[in-house]
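Asker: Structure below; questions to follow.
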Amino acid sequence: MKQKKWLTAVLATALLSAAQAQEKYVIEGTVQPAPKDITLHLFYSGDKAFLHDSAKVVNGKFRFEGSVQTKGMAYVAVPPDGELMDVYVAKHGGMPAYQIGVYLETGTISLLLHPTDQQSVVVKGTVNNDVMQAARAIVWKYNNLETARAKRLEQGDSVQKEAAVKEYYQIVKAKTVAMGEFIKAHPNALASLDLLKRWINPVTDLSEAKQYYAYLSDDLKASRTGMIYGGLLKQSARIDIDSIAPDFQLTDTAGTMHHLSDYKGKYVLIDFWASWCVPCLREMPHVVKAYDAFKNKNFEVIGVSLDAQADNGRAKWINAFKKAGMTWPQWSDLNGWSSAPAKLYMINSIPSNFLLNPAGKIIAKDLRGQDLMDALRKYL
């Protein structure tokens, strides 16, 4: 009996060791062109695990390996000029901008990277990393198109700029559709959930977010990230089309307190912006044009600035709206992204706007360029 128990224990230990050996990731990497001296860092942070590893690049090669604790995306961080990671973080107050996502899963992962060009990165060798590489190609395709159109916005006359703005938002829409098609084709892939989380904002694209979330497998929806995103979908419903806009209060430049509900009975555009936001200022001529056309037709704009008190933010805010000809009410608590209305309306990017009808119901969101004029003509 004792011998049988011992054999059972030995067998259990052997099986556990075999399982642990199987649950191992290996990242075999190449840096091209090969740097003289650089140390790469691997980071993973999940709800139940944390990892920090480092590897020197020798003759253009490096290697990471370890046990898979939980499937998830880790990041290979590339400090500029071979700087040590702790030195970089201490000097700059955060991680380097150049970070490559890699799923830590069982198997050998091949990573090809360029010290300064993220677009040249290739990650492959395991199921989720192969899918992520395909997703990365889609992201870069549309990002490059967006960048090209954004450059055109800085050139040409007003007509050319107007055309560039229209093309830009068409590209953004096409990217959203492409993301949805990818997620539908890969319902079990971690990359699909990460694409959804990063690129499909439930606040601005709730319809698409719900549709694409439904494509995901039950296992992905039940994951920590999946449940968080599902929660955002529920929260976003209160600021979706046909919902009554949540009331808030803010002060104007004179310190006078105002409530959104004071404007019931009018069509109101709540416009979230900031003096430092280049896309906001680029969009502002369209808002000025719309305001001038409809301000005497039961229409009002309320500017909500996400400027902050620091770095002379108040003066920058006031100077910016005066220079841009924004003659409508301007409110701010000068708390930046922590502004109470920004949190209430789940603002995580600007410009962002909400069009309300006289009953205070949201009837449109994120109207850009000519779309704002078209919407106002429709209702007014």
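Asker: Specify the residue that is farthest from G230 (Cα to Cα); the eligible residues are those in region 155-171 that are surrounded by 15 or more Cβ atoms within 10 Å (Cβ to Cβ) and β-branched (V, I, T).
Answerer: This residue is V165.
Conditions tested, residue by residue: (1) assigned to a helix (DSSP H, G or I); (2) not polar (S, T, N, Q).
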position	(1), (2)
E154	no, yes
Q160	yes, no
A164	yes, yes
I171	yes, yes
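Asker: When I302 is evaluated against the numbered criteria (1) assigned by TED's automatic domain parsing to the domain that holds A163; (2) not in a helix (DSSP H, G or I), which criterion, by number, is the only one it fails?
Answerer: Only one criterion in (1) assigned by TED's automatic domain parsing to the domain that holds A163; (2) not in a helix (DSSP H, G or I) is unmet by I302, namely (1).
Asker: Looking at region 109-131, can you tell me whether even one residue there is at pLDDT 90 or above, surrounded by 15 or more Cβ atoms within 10 Å (Cβ to Cβ), farther than 25 Å from E23 by Cβ and of a type in the set (D, E, K, R)?
Answerer: There is no residue in region 109-131 that is at pLDDT 90 or above, surrounded by 15 or more Cβ atoms within 10 Å (Cβ to Cβ), farther than 25 Å from E23 by Cβ and of a type in the set (D, E, K, R).
Asker: Do any helices (runs of 4 or more DSSP H) entirely within region 180-274 hold 3 or more residues that are of a type in the set (S, T, N, Q), and if so, which? Spell out how you get there, then give the answer.
Answerer: Numbers: elements: 190-199, 206-215, 218-222, 224-236.
Output list reads 224-236.
Asker: Taking region 27-77 as the search range and keeping residues that are among the β-branched types (V, I, T) and farther than 30 Å from I228 by Cβ, which one is farthest from the chain's Cα centre (by Cα)?
Answerer: For region 27-77, the residue satisfying everything is V58.
Asker: Give the residue, chosen from L260, L269, L250, L220, that is under 22 Å from K173 (Cβ atoms), surrounded by 15 or more Cβ atoms within 10 Å (Cβ to Cβ) and either hydrophobic (A, V, I, L, M, F, W, C) or in contact with an Asp or Glu (Cβ under 8 Å, 6 or more places away or on another chain) (or both). Full working, then the answer.
Answerer: Working: L260 fails: under 22 Å from K173 (Cβ atoms); L250 fails: under 22 Å from K173 (Cβ atoms); L220 fails: under 22 Å from K173 (Cβ atoms).
Going through L260, L269, L250, L220 in turn, the sole match is L269.
Asker: Of the residues in region 177-207, how many are surrounded by fewer than 15 Cβ atoms within 10 Å (Cβ to Cβ) and of a type in the set (K, R)?
Answerer: 2
Asker: Looking at region 231-243, which of its residues are crowded, with 18+ Cβ neighbours inside 10 Å and small (G, A, S)?
Answerer: S236
Asker: Among the residues of region 276-286, are any at pLDDT below 95, of a type in the set (K, R), surrounded by fewer than 20 Cβ atoms within 10 Å (Cβ to Cβ) and more than 24 Å from R238 (Cα to Cα)?
Answerer: yes
Asker: Right, S207: over 23 Å from F272 (Cβ atoms) and among the polar types (S, T, N, Q) or not?
Answerer: Values: over 23 Å from F272 (Cβ atoms): no; among the polar types (S, T, N, Q): yes.
Judged against the criteria, S207 is not a match.
Asker: Find the residue count for region 352-361, including only residues that are in a loop (DSSP other than H, G, I, E, B) and polar (S, T, N, Q).
Answerer: Step one: list which residues in region 352-361 are in a loop (DSSP other than H, G, I, E, B), which gives 357-360.
Now restrict to residues that are polar (S, T, N, Q): 357.
Selection size over region 352-361: 1.
Asker: Looking at this structure, is K323 among the basic types (K, R) and at pLDDT below 95? Don't jump to the end; show me each part of the working.
Answerer: Values: among the basic types (K, R): yes; at pLDDT below 95: no.
Against the criterion (among the basic types (K, R) and at pLDDT below 95), K323 does not qualify.
Asker: F354 passes all but one of (1) under 14 Å from V268 (Cα atoms); (2) free of Cβ contacts under 8 Å to residues at least 40 places away in the same chain; which number fails?
Answerer: Status for F354: all satisfied but (2).
Asker: Tally the residues that are without any contact (Cβ under 8 Å) to a residue 24 or more places away in the chain and under 30 Å from N128 (Cα atoms), restricting the search to region 229-264.
Answerer: 3
Asker: Test of understanding: among A364, A342, which residue is part of a helix (DSSP H, G or I), within 25 Å of the chain's Cα centre (by Cα) and modelled with pLDDT of 95 or more?
Answerer: On the way: A364 fails: part of a helix (DSSP H, G or I).
The match here is A342.
The values are calculated or read from the model by the stated rules, or taken from the named source; none is laboratory data. Please read these numbers as outputs of a predicted model, since none were measured by experiment. Backbone-built Cβ (ideal geometry, glycine too); neighbour counts: all protein chains shown.
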